[in-house]
Each structure stands twice: as C-alpha cells, then as structure tokens.
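Below is one structure, written out as structure tokens, with a few remarks after it.
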Amino acid sequence: MLRSYADPPAGASGHPQAGRAEPRSRVGAVTSQEFRELGSLDYMAAWDLQREIHAGVVEGDPGAVLLLEHPPVFTVGRRTLEAEKPVDTGGAQVIDVDRGGKITFHGPGQLVGYPILRLPDHVKVVDYVRRIEEALIGVCADFGVATARIPGRTGVWLRADDRGPERKIAAIGIRVRRGIAMHGFSLNCDVDLGWYDRFVPCGIADAGVTSFSSELGRDVTVAEVIPSVRRHLDDLLAWEPYVPTPDYEPRPDPAKHPQVTLIRPATVG
C-alpha cells in the first residue's frame, strides 16, 4: 500500500525554535536532495525501492531521500543475537536486514528516512552518520526537545532527568555499498511505545525510548515533523562544513572509576 501524506499543518515544523540558527545558506551547496514522501509502505516494498534507486545511483543518477512510515515490523541488523529477538512479536513481521547495528522496530507514528546517496570522497561513514544525527538534533530543537549524542551510542538522545533515564528518540542504521549509503534513520513522533517493551532496542538495556508525543504531552504527527526533517537533511547533506552540537558527557566507566569503600580499623577493647 502506498499512501501520500496530506499537507502538514503549519506550526513548529515550519519555524525553528527561537535562539537556534537557521540552516546555512544553500549558496555554494553541492546539491539539493530529492525527497519522496511515500506515506505508509510495506518494509519489503521499501527495500526493493531502495535497491532500485541504489542501482540507478551506481549508474550516475543523483539518488533520493525516502520519507515514509512502515506497518509494524522488527528489523534485525547483522550484530543482533538470537536471544535479543522478540519472543512475542505482537503480529509484527521480523525481517533480517543487511545494515549494521542490532534489532529495532518500525511502525505507524514513526518517521523513517532512507537517504540513498553517493557519499563524497571527503565524507567517511562516521561523518555521514554524525550528519544524520545532527540533522535530527536540529529537528528536535525545532520542537523544543533538547537532544544530543551520547559518546559510544549511535542515535539521538535525551539526557537522563526526573522523567526517566537516558532515552533515545531517533535510531540510525546504515549500510554503505560501492560508496552509496542505504537504509537510514527512524524518528519517533507519535509511535506506540508499547512495542519497545517486546525487545531490547538496539541491544541497549540500561536506557529508554521516547517520542515527541511522550515528551511534549500532545500528538505530534509524522506529517507535522516532515518539513523540519527535509530542511535539516537538505542542509547537512549538502556536505558543507558544520559545527556539531556538543555531546552529552560520557557515562562513567566503572573500570576507570571504581567504587571506593572506606575500611575502618577494628575497635579494640
């Protein structure tokens, strides 16, 4: 099934949060991306489309960024252990995929983006991932949600606070083949977070998962978020230099900061 998005309502997605710089000028940019908004699309149909576009980019086509939602599906990356797969899938498909990373979930209310693009020679895989993260950090800022990276953890995160532990709002898993990126990211808008109780997202057991709707206390639809995503991706995927958002401080390493126990001398008497 292929369904196009309706025109999104005006609102936060069209106006960056006060105090955050507008995206850099397009003057001198390498390219402006082609975005295809596909609505709700079966995972395997989207995978076939990715491969079709990838083949075109190999032959010299400019590529495209697919923006869509999936019916409920668990996708299993190459590093997933058998024990990490859900026992009760709730009727969702479980599909092994050729991207990096572990298992994750896609479903209604989650914006999925697949940039199928040739990476310039000066952009390495890690830099590409950081650019996707930076674009999504900018989207979150547009909606008043403060996020950043956590060293050692891919994706976009909220800091631990009185609402809960560190929690991920956007996941990233890519594959680069013949210099061309495939797969991409997922950004939780108003997805049912109950799906994440069925497995350990991305193999990380000591953190949580969240969404715009959960953080803001109102429904934030995929259609509302898309304009901001397009703007920030178009900016960061122009391959120009940028100033990254500072990371959150790294988590303490118990091996380097062992707990100190005070041993008191025995009392004599």
message: Tell me yes or no: at least one residue of region 136-151 is part of a loop (DSSP other than H, G, I, E, B) and touching a Pro at 6+ places or on another chain (Cβ under 7 Å).
response: yes
message: Restricting to region 97-126, name every residue that is part of a helix (DSSP H, G or I) and either more than 25 Å from Ala55 (Cβ to Cβ) or in contact with a Pro (Cβ under 6 Å, 6 or more places away or on another chain) (or both).
response: Val126
- prompt: Hey, Gly19 hits all of (1) at pLDDT below 50; (2) at negative phi but one; which does it fall short on?
  reply: (2)
- prompt: If you check Val129 against the conditions, is it buried (at least 24 other Cβ atoms within 10 Å of the Cβ) and either outside any loop (DSSP other than H, G, I, E, B) or touching a helix residue (DSSP H, G or I) at 6+ places or on another chain (Cβ under 6 Å) (or both)?
  reply: no
statement: Those residues of region 108-133 that are among the acidic types (Asp, Glu) and within 10 Å of the chain's Cα centre (by Cα) come to a total of 1
task: Sort out which residues of region 53-90 are among the charged types (D, E, K, R) and farther than 25 Å from Pro227 by Cα, and write them in order of number.
output: Glu59, Arg78, Arg79, Glu82, Glu84, Lys85, Asp88
message: Can you find, within region 59-96, the residue that is farthest from the chain's Cα centre (by Cα) among those that are among the β-branched types (Val, Ile, Thr) and modelled with pLDDT under 85?
response: Val87
Total residues in region 157-167, condition in contact (Cβ under 8 Å) with a residue 24 or more places away in the chain and either crowded, with 23+ Cβ neighbours inside 10 Å or in a strand (DSSP E or B) (or both): 4
- prompt: Can you spot a residue in region 168-189 that is buried (at least 21 other Cβ atoms within 10 Å of the Cβ), of a type outside the set (Lys, Arg) and not in a strand (DSSP E or B)?
  reply: yes
- prompt: Is region 217-234 home to any residue that is surrounded by fewer than 18 Cβ atoms within 10 Å (Cβ to Cβ), assigned to a loop (DSSP other than H, G, I, E, B) and at positive phi?
  reply: yes
task: Quickly run through region 154-173 and pick out the residues that are of a type in the set (A, V, I, L, M), at pLDDT below 95 and out of contact with any Phe, Trp or Tyr (no Cβ under 7 Å at 6 or more places or on another chain).
output: Ala160
message: Please go through region 132-152 and give me each residue that is over 25 Å from Phe35 (Cβ atoms) and either in contact with a strand residue (DSSP E or B) (Cβ under 8 Å, 6 or more places away or on another chain) or surrounded by 19 or more Cβ atoms within 10 Å (Cβ to Cβ) (or both), ordered by number.
response: Ala146, Ala148, Ile150
- line: Apart from one, (1) touching a residue at least 24 places away in the same chain (Cβ under 8 Å); (2) farther than 11 Å from Thr210 by Cα all hold for Ala170; the odd one out is (2)
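The values are calculated or read from the model by the stated rules, or taken from the named source; none is laboratory data. Every value quoted in this text rests on a predicted model; they were computed, and no experiment measured them. Using ideal geometry, Cβ is built from the backbone for each residue, glycine included, and neighbour counts are taken over all protein chains shown.
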